[in-house]
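The values are calculated or read from the model by the stated rules, or taken from the named source; none is laboratory data. If you're wondering where the values come from, they're calculated on a predicted model, not measured in any experiment. FYI the Cβ positions are ideal-geometry reconstructions off the backbone, even for glycines, and counts take in every protein chain you see.
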Amino acid sequence: IREISGHRYGVTDVKFSADGNYDLSTGRDTMLLICEVSDGKEVAALGKSRGGQFKDWLYALAISPDQNWVAATDIAGLVHVWQLS
């Protein structure tokens, strides 16, 4: 069992990549974090913490089957999409 930290506020959603190598999480800090499952190391932080890029916290996420895209929704009803590769 591994504990992965990184969000400043509550976590709202967690998904694993299709290959099982990465953990993706969204939180009330307006961040989408990508961490390696094997060691918990953060490999990407998308968005900016409160006061930055997003004003509303992210609450749900999805990753494409080919692992090239990730999308997150915020409480204002917007969908944010990032290309990962």
### Task
Scan region 33-50 residue by residue and report those that are surrounded by 17 or more Cβ atoms within 10 Å (Cβ to Cβ), touching an Asp or Glu at 6+ places or on another chain (Cβ under 9 Å) and either within 18 Å of PRO65 (Cβ to Cβ) or at pLDDT 85 or above (or both).
LEU33, ILE34, CYS35
#### Entry: Selection count where residues are at pLDDT 85 or above and out of contact with any strand residue (DSSP E or B) (no Cβ under 6 Å at 6 or more places or on another chain), scope region 51-68
5
### Message
If I filter region 1-32 down to residues being among the aliphatic types (A, V, I, L, M) and in a strand (DSSP E or B), which single residue comes out as surrounded by the most Cβ atoms within 10 Å (Cβ to Cβ)?
### Response
MET31
